[in-house]
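Worksheet: one structure, shown below.
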Amino acid sequence: MAEILCSTGALIGKANNRDYHLLQKLAGQLQCDGYEFMVYSSWYEEWEILADYLAGLNLHIPVVHADKRIGEFISQGEDVAQADGEAAVKFQINCELARRIGAKVLVIHLWGGMASDRDFDNHLRAYPILRDIADGYGLDLLVENVVCNRENPMKHLCQLAKENPEIGFVWDTKMAAFHQEETLLYQQDYAWLWQQGHIRHYHVNDYGGGYMDWGSTIGKAVLPMGAGHIDFDAFFRFIQRTGYDGSYTVEATAFDSDGSVDVEMLNRCFEHIREGITKKFNKQI
């Protein structure tokens, strides 16, 4: 049974002081099946308090999105095999937090920041080390198709899968669209991604910019479905054809400059996904 999750990053951000207590206040209004908890780098000093608080809410949080800065550290050349390095230490904390709140999946940006994918060999070396650490916590580590400034996400997913046949991925619709790769997933050349079970989670968000249009992403809100130009009918036709029945996360930015949260917008996104995965299409891809 497909689960539709809400990213806590859609609710909690700088505008509302990254106050994770908002989750308790808003949970009763959100018509989702659970949450993907986004870890912010400002929480490390109180991460154990945070973990205990989340566990006490008794919410369904099957997915944790690791701190994005971990991938940035790797992009800057950190060797995650060095246990006392910043990337390794923070990754361990993210894993422990996920374990304590009952999550089974950990999403990671394996690269990021200005350095991005400039030295992808470092990321290829880092992945199996991080995977083994996550395995020790009972977590399925999934690599997201994060935007790049040298190559493109699909190339890197292929490189990772070639060396790690068991690897799992998160497919983010907006990040794919940023590189004009959203339709690659539907092509026979990449059918192995779903036929071999590599894609195990989806982030469903819209995109309104052009090819590698950094101005449309840096410091900008993540768009809800229908606010950009992604063809979601094509996406859900594909989903139905593959028989995927796993989870989806909505990440559309729902808070405005004063920190207030547009719950209705998020609920519309959840409903759009429910409609998409059950819609009767006249034409299959």
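The values are calculated or read from the model by the stated rules, or taken from the named source; none is laboratory data. Computed from a predicted model, the values in this text were never measured in an experiment. Cβ sites come from the backbone with ideal geometry, for glycine too, and all protein chains shown count toward neighbours. For accessibility, only protein heavy atoms count, side chains too; no ligands or nucleic acids. Shrake-Rupley method; radii C 1.70, N 1.55, O 1.52, S 1.80 Å.
Counting Lys +1, Arg +1, Asp -1, Glu -1, what net charge surrounds H21 among other residues with beta carbon under 15 Å of its beta carbon? Numbers along the way, then the final one.
On the way: positive: R18, K25; negative: D19, E46, D52.
Its environment carries a net charge of -1.
Isolated cysteines in the chain, defined as those with no second cysteine Cβ under 4.7 Å, comprise C95, C148, C158, C269.
K279 to A191: FRET efficiency via 1/(1 + (r/R0)^6), r the Cβ-Cβ distance, R0 22 Å, to the nearest 0.05? Spell out each step's value before the answer.
Working: r = 22 Å, r/R0 = 1.00.
Approximately 0.50, to the nearest 0.05.
Our helix-only sum for the chain, with -39,500 (n - 2.57) per DSSP H run of n ≥ 4 divided by its residues, gives a mean residue ellipticity at 222 nm of -10500 deg cm²/dmol. A straight line joining the Cα centroids of region 86-134 and region 249-265 runs 27 Å.
Between A15 and R125, what length in nm is gained on full extension when 0.36 nm per residue of separation is reduced by their alpha carbon distance? Length gained between A15 and R125: 35.9 nm. Label-to-label distance, S216 versus A81, with points set 7 angstrom from Cα along the beta-carbon direction: 4.1 nm. The phi-based Karplus calculation (6.51 cos²θ - 1.76 cosθ + 1.60; θ = phi - 60°) puts the 3J(HN,Hα) values of region 213-221 at 8, 4, x, 8, 10, 5, x, 9, 5 Hz, whole numbers, x for Gly and Pro.
Among the protein heavy atoms, those of D117 account for about 10 Å² of accessible surface (1.4 Å probe, every chain in place). Put simply, the amide H of G13, placed in the peptide plane, has neighbours under 5 Å in R18, D19, leaving out anything fewer than 5 places away on its chain.
Share of the chain's accessible area from carbon and sulfur, percent, 1.4 Å?
On the way: 5910 of 12580 Å².
Carbon and sulfur: 47 percent of the exposed surface of the chain.
Using the Cβ of E86 as centre and a radius below 12 Å, the other residues enclosed give a net charge of -3, where K and R count +1 and D and E count -1. Around the amide H of G168, modelled in the peptide plane, lie the amide H atoms of V143, all under 5 Å away and 5 or more residues distant in sequence or on another chain. Shown in residue order for region 241-246 are the 3J(HN,Hα) couplings computed by the Karplus curve 6.51 cos²θ - 1.76 cosθ + 1.60 at θ = phi - 60°: 5, 7, x, 4, 10, x Hz (x for Gly and Pro). Amide H contacts under 5 Å for M38: T8, G9, H65, restricted to partners 5 or more places along the chain or on a different chain, H placed in the peptide plane at 1.01 Å from N. For E46 and K25, the difference between the fully extended length at 0.36 nm per residue and the C-alpha to C-alpha distance is 5.5 nm. Per residue, region 234-285 exposes 51 Å² of accessible surface when a 1.4 Å probe is rolled over the protein heavy atoms with every protein chain present. Please say if region 238-285 is rounded, prolate or oblate, where rounded means a/c under 1.5 for a ≥ b ≥ c the square roots of the C-alpha gyration tensor eigenvalues, and otherwise the choice is prolate for a/b larger than b/c and oblate otherwise? Here region 238-285 falls in the prolate category. Would the chain count as rounded, prolate or oblate if I go by the C-alpha gyration tensor, calling it rounded below 1.5 in a/c and otherwise prolate when a/b exceeds b/c, oblate otherwise? Since a/c stays below 1.5, the shape of the chain is classed as rounded.
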